[in-house]
Amino acid sequence: MDTTLIVDDEKHCIYNMLDLISQCSFEFDFIITAQSVEEAVYKTKEFKPDLIFLDIHLGNQTGFDFLSKIKKRDFELIFITAYDQYAIKAFKFSALDYLLKPINPEDFKRALREYKNKESRKYLKNKMNVLLNNLKNDISKRKIAISSQEGLEFLDLNKIVRLEADGNYTHIFMKKGTKITASKNLKFFEEMLSDSNFFRVHHSHMINLALVKKYYRGKGGYLVMDDDTSVNVSIRKKEGLLKYLSEQY
Amino acid sequence: MMTETIKCRERDAQYKFWNDKVNSNGRKDRKSKRVFAKSYLPSTFHYTCILISSAVISGTLIKLFHRKKLIEGLSHKVESLRMELASAELKILSAKLNPHFIFNALNSINQFVCKNEKQLASDFINRFALIMRKTLINSEKGKILLEDDLDLLRLYLDLESVRMENKFNYIIEIEPSIEANNTLVPPGIMQPIVENSIWHGLVPMAKDGLIKIYIKKENGKLIYCIEDNGVGRFKPTEKETKSRESRGINITKERIKLLNQLEEINGEFKISDLAEGVSVTAELPYEKAF
C-alpha cells in the first residue's frame, strides 16, 4: 500500500496504529507519522500521502484545522476519535469514514477494505468539501451525504421538504419535486437531523420546520408542506410541534 | 472554537426543550391546591376565634395572599421535582461509571494480560468500550426507546457472562402488545437490578444461574419483572453480610419514585423472595414515542 500518514498527538496511539497495521494483511510501503497540525501539514505537502489516519483531538487544535489548511486534498481520509459526539455527527453528515478508540481490529480491517474500494474514493473530494462547509456554516447552509441506489448524493438541508419511512429505507422529498430513496431507516435520520430544524411528527414522517405551509388542527392534526403534500401529525407530537412552530414564526 | 459554540447551542436547545416539557404538564395543579387548602383552613378558623370582627377582613386578605402564594408555590414544586429528577439522573451516571463494573472489568483485562491472552484481552476491551460509549450516550437523554435500552442491557449481560465463564444464562421476553421501537423508557433502569442479581445472587452459587426478564404493560404502567435463581437475600455467604441492596439499586428506586411522581402514576418498586432467588418488579409510566 502506498504512502500512509498517521496523525495523533499521543505517541502510544501512533504505536497502537502501527501495531494494527502490522497485524493486517495489507502491505504498507511507506508510513510516516505526525504529532501536531503543523507537522501534519508539512509532511502532507512533502510526502503527498495516499491515506491519512487523522485523530480529531490534536493538542489544542483539531483534525478539522489540519484539513482546512490543506488546499490540495487528494488523499483518502479515515478519522479517529475517542468520544467526540459532535465530530461523529460531522462525519456522518459527510459520509466520511471514522474509527473509534480503542480501535477494534475488525473495524480497522473494514476501513482498509473500504479504502481499497475505488467506488468509495470517487466522492472523496465532495465529502471533504461538505465536511468543511458544514463546519463553517450555520444550519440552513448545511449539506448531507445520502447513499442511495444511484450512489452518493449531496443534498442541501434547506431543500429537503420531508422524509418518509419505508421499512429499512427512507424516502426523501426535495423542494423541486424529486424523491431520493436512502438505504437507512428514519431513526437514523432523526438522530442526525433533529437539531437541524427537522422534527419527527409521526412514526413514519419527519419534516423540515422551515418548509411548513400550514397546520390544520385536529386530534393530531396535519401539516401542509411547501410542496403541497400533507403530512399527518401524531397526537403525542402535536404539542411539541406547535411549540417549535410558534418559535419559528 | 467552532466545535465549542455548536456544542453550547445544542446544550441550550436541549435545556430549553426539557424546561418546556415540564412546564407544560398542567395536571399537578389541582392536587397541590387541595393540599394547600387543607393547611390553610385551620389557620382561618384560628383567626376567627381570637378576633371575630377583623377575622372576615383579614381572612379575605390572607386568602388572596395565599392564592398568589399557591401559584408561586406550585411552580416551585414543579421546579424542585425537575431538579431532583435531574440530579438523580446524574447520580445514576456516576453510579454506573464508578463502582464495581469498571474495576472488575479492568481486573478481568489485567488477568488476560498477565496470562498473555492477547486476543481475549483485546476482545474484552472492545466490548467494554462499546458498553461505556452507549451508557454515556443513553445517559445524556432523559428517555430512550426500549429497544435501545435492551440493546445495551444485552451487551452488558453478554460481557458479564464472558467474565463468569458462562455460569449464567438470561432470557428477555416482551409482551407482544409492547412495541420496543415505539416505547419510551428512562435509560438504564434494569441494569443495576441485573448487576445485583449477578453479583449477589448468581456468583456465590455453585450451579448454573438464570436471569429472567419479562416486560409487560398494565393500567398505563410499564412493568419490568426481573427474576434470578440465585442464593437469595436470606442466605448470604460469609463475605456477603451486607444487604443485597446496592447504591445502584437505591438510585434506581429514587428515579422510579420521581418519574412516577412527575407523571402522577402509582408505580412501585418491589423486591420479593422466591423459593429460589429473588424477584424484582419495577413499575414505570407507559409512554409511547408516537
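The values are calculated or read from the model by the stated rules, or taken from the named source; none is laboratory data. Note that the coordinates shown come from a computational prediction; the quantities given were computed from them, not determined experimentally. Neighbour counts run over all protein chains shown; Cβ positions are idealised from the backbone, glycine included.
Annotations for the structure displayed:
- The numbered conditions (1) of a type outside the set (Lys, Arg); (2) in a strand (DSSP E or B); (3) in contact (Cβ under 8 Å) with a residue 24 or more places away in the chain; (4) surrounded by fewer than 17 Cβ atoms within 10 Å (Cβ to Cβ) are all true for A:His171 except (3).
- Of all residues assigned to region A:160-177, none qualifies as being within 14 Å of chain B (Cβ to nearest Cβ) and among the β-branched types (Val, Ile, Thr).
- Unmet requirement for A:Leu77, which otherwise passes all of (1) within 14 Å of chain B (Cβ to nearest Cβ); (2) in a strand (DSSP E or B): (1)
- Checking each residue in region A:217-237 for being among the hydrophobic types (A, V, I, L, M, F, W, C) and in contact with a helix residue (DSSP H, G or I) (Cβ under 7 Å, 6 or more places away or on another chain) picks out A:Met225, A:Val233.
- Count - residues of region A:3-33 that are surrounded by 14 or more Cβ atoms within 10 Å (Cβ to Cβ) and within 16 Å of A:Phe75 (Cα to Cα): 9
- Of the residues B:Lys134, B:Lys96, the single one that is surrounded by 15 or more Cβ atoms within 10 Å (Cβ to Cβ), at pLDDT 85 or above and closer than 30 Å to B:Phe290 by Cβ is B:Lys134.
- Unmet requirement for A:Tyr86, which otherwise passes all of (1) part of a loop (DSSP other than H, G, I, E, B); (2) over 20 Å from A:Asn16 (Cβ atoms): (1)
- Subset of region A:205-222 (residues that are within 29 Å of the chain's Cα centre (by Cα) and surrounded by 17 or more Cβ atoms within 10 Å (Cβ to Cβ)): A:His205, A:Met206, A:Ile207, A:Asn208, A:Leu209, A:Leu211, A:Val212
- Restricting region A:194-234 to residues that are assigned to a helix (DSSP H, G or I) and touching a strand residue (DSSP E or B) at 6+ places or on another chain (Cβ under 7 Å), the residue that is nearest to A:Ile160 (Cα to Cα): A:Leu211
- For region A:109-146, a tally of residues being surrounded by 19 or more Cβ atoms within 10 Å (Cβ to Cβ), within 14 Å of another protein chain (Cβ to nearest Cβ) and assigned to a helix (DSSP H, G or I) returns 3.
- Residue within region A:178-193 that is in a strand (DSSP E or B) and of a type in the set (D, E, K, R) present: yes
- Of all residues in region B:202-232 being over 18 Å from B:Ser161 (Cα atoms) and in contact with a Ser or Thr (Cβ under 8 Å, 6 or more places away or on another chain), the one that is surrounded by the most Cβ atoms within 10 Å (Cβ to Cβ): B:Leu222
- Matching entry among A:Arg73, A:Arg110 (being closer than 21 Å to A:Lys122 by Cβ and free of Cβ contacts under 8 Å to residues at least 12 places away in the same chain): A:Arg110
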